[in-house]
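A short write-up of the structure that comes next.
Every number here is computed from the coordinates shown, using simple stated rules; none is lab data. Because the structure is a prediction, the values reported are computed rather than measured. Positions of Cβ are generated from backbone atoms using ideal geometry, with glycine treated the same way; all protein chains shown enter the neighbour counts.
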Amino acid sequence: MTGLYILSIVVTLISVMLVINTPVSQFLDAWQERRQARKLAAAEAAILEEESWEEQEQAQKEPLAKEKGKRAAASKIITDHEKIHPFENKEYKRSTIELPPISTAAAAGPVSGNQLKILDYMKDEELFEKAAGEKGKHDFGLEEIKISVPGMGLDGEGAEAPAIKEYKSPESPAKGEEAPVKTEGQEPVKASGLTPQKEAAPVKVEELNIKIGGTSLKPFQLPSSDLLAKGPSSNNMGETESLKAKAAKLEQTLKDFNVNAKVVQVTKGPAVTRYEIQPSTGVKVSSIVRLGDDIALNLEAKSIRIEAPIPGKAAVGIEVENDRVHLVALREIIESSEFKTAKSKITFAVGKDIAGKAIVADLKSMPHMLIAGSTGSGKSVCINSIIISMLYKAKPDEVKFVLIDPKVVELGNYNGIPHLLIPVVTDPSKAAAALNWAVAEMTDRYKKFAEEGVRDLESYNNSVKGKGEDDRFLPQIVIIIDELADLMMAAPSQVEESICRLAQMARAAGMHLIVATQRPSVDIITGVIKANIPSRIAFAVSSQFDSRTILDMAGAERLVGKGDMLFNPMGNAKPYRVQGTFISDSEVHKVIEFVKSQSPETEYANDVIHSIEKVQTSANDEDTDELLSDAIETVVRAKQASVSMLQRRFRIGYNRAARLVDMMEARGIIGPADGSRPRSVLMTEDEFLGLSAETEDL
């Protein structure tokens, strides 16, 4: 502690000596004054040097000016250049800043500490030092600035630019006129040949075109409903009396069979008319259902369907086919408020119910759908309506399609639209490979979700957009299979397994299945597929068994066809009857051409195509067996081949051993059969070893 006290006292004394007028402080002040005097003397010398340099330059210009005057007097010609610049040869007095002749610090008068710091900063040679060889090395920012304008001197060299006042016009100069150009720190001068540019008008975001490589990429525009045809106008005049007469006849028919019931409401739909019957107290609903055929007979109806009871109503519905079916145009649903207000990009038009209400569905909430119906019932038209509806909702970067069409003729016209992930698949073997790719893509998406810490596709896309990583955006994928029966015949186990895995897990990954078939039998629509695809659309079928295969209930066998369907989305206890939308081939072609016109060159996912072809190549190689290489080695070493030898050696059945023998014969390893004797081996052991070495190198 004593040492610290002594040290503090010493520091205090030294500080006092430096501050108070002591010999030490006086010595420091004198040293600073001498240093300041040296710097001021150097500054004065630099100014004198600059003045002498200017006098020499002025002396050099005087003979040139005299010679120029003599030539002008002799020729009496005024050049065009002198007309334009009449002030060129006048001498202008240079403006300089004169410093008082300060040679010592005492002569400068009292100077404060802050002023000394500023002077030191301005006269620092390191801050204002110029390049080697330039004049005025110590100008301190006070040198004269010269502006050289090419072509302004008589000798062709640069000359001083005269000060010209800027001309301000209320209007912008016309093309080819001289526009005033301002430069910082200078008077404005006119530059000839420059055309002023008008202020650019603000550009709207929707009108902005991104130019790449000389071509403009306009934002994708959704199709207009004008591309679709309007539906026929329905004329209900004169039908009211007919409906009332049929209602009275229906009540009388029920009364004849001792069933007390009253028709409370009649609703005419596009394809059928529903009579709502309210039975009296004590009347069983089953007694009305049993009278279906008798009611059809008395009403002279082509077909009837009894819905007992109507969901949400205390009534039984008797649906009678109309004499004429009114088609529901797709345009009617596209222009409806239900479709326009739907936010999902994979919303599609279904049709109109019996009351004439537009029915739309969101595939995201389904999340997969099974469509079945006999030939000519409207199944293919329904698929076209679904695809076109989504084209009206989604842009190519939002929804991608994988279309599988083993029938070749139904979906081939969609080739070339930018929404396609790959070209339309028509080969059943490629279709199985495409489904395998879809399973792999689903698994890969779940890995990305786990890395991002999200649960579904929407959360993932919002996360990557929030980070500005738009290149990681993943679109929704809709896989549409037009004929499941052809795929089930080509590779039943593989197709069924892929469909089931996608149906079980692909919802959160943003991948959805639409499977259609015209053979609604149990060997095509298996129990496993039905269990994993909850949403169904049933068109007219031939038997009650087919209806039960699709919907697990009867009713589809009584549909009238021509788009008449039973729509049963996930969550509904009972299906409801809908007249499906109709779209002609010409309308489909118009929409496709409009979409194609916005993307002349469709870019398919080459990695997906390569993956599918790779899987197909391995799948097509049906004559491969994991035991083939071991079987070849065995017969080469034994120098004979037989089915029984392979059975004993590998403990396999006769069929597999016989296939191995056939494979080796096809490859030329063993010879043909020779009765009951073993087959001869055509490959030597050395050839087999060489082939094995080459295979290992690959």
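Spatially close Lys pairs in the range 240-321, defined by Cα atoms under 15 Å apart and a spacing of eight or more places or different chains, total 10. Extension gain for E458 to R637 (0.36 nm times residue separation, less C-alpha to C-alpha distance): 58.4 nm.
With θ taken as phi - 60° and the Karplus curve 6.51 cos²θ - 1.76 cosθ + 1.60 applied, the whole-hertz 3J(HN,Hα) list for the range 295-302 is 5, 4, 5, 6, 8, 6, 8, 5 Hz, x standing for glycine and proline.
Distance between the pseudo-spin-label points of L4 and R290 (7 Å out from Cα toward the beta carbon): 11.3 nm. Using R0 = 60 Å, the C-beta based FRET efficiency linking K313 and E626 works out to 0.45. Annotation note: trypsin sites (Lys or Arg not before Pro) in the range 376-483 located in DSSP loop regions with a Cβ neighbour count of at most 16 within 10 Å are K407, R455, K467. Amide H contacts of I670: E665, L682, each under 5 Å away and 5 or more positions distant or on a separate chain (H built 1.01 Å from N in the peptide plane; Pro and chain starts excluded). With the convex hull of the Cα atoms taken as the outline of the range 467-598, the averaged projected area works out to 11.3 nm². Between the range 441-472 and the range 318-336, the C-alpha centres lie 42 angstrom from each other.
Under 16 Å from a label point set 7 Å out along the Cα-to-Cβ vector of D444, the amide N atoms of the range 487-510 belong to 509-510.
Each residue, A229 and Q265, gets one label point 7 Å from its Cα in the Cβ direction; the gap between the two is 3.4 nm. Couplings 3J(HN,Hα) of the range 632-637, computed from phi: 4, 4, 5, 6, 5, 6 Hz, in residue order, whole Hz [Karplus 6.51 cos²θ - 1.76 cosθ + 1.60, θ = phi - 60°; x for Gly and Pro].
Modelled label positions at Q58 and A573, each set 7 Å beyond Cα in the direction of Cβ, lie 11.3 nm from each other.
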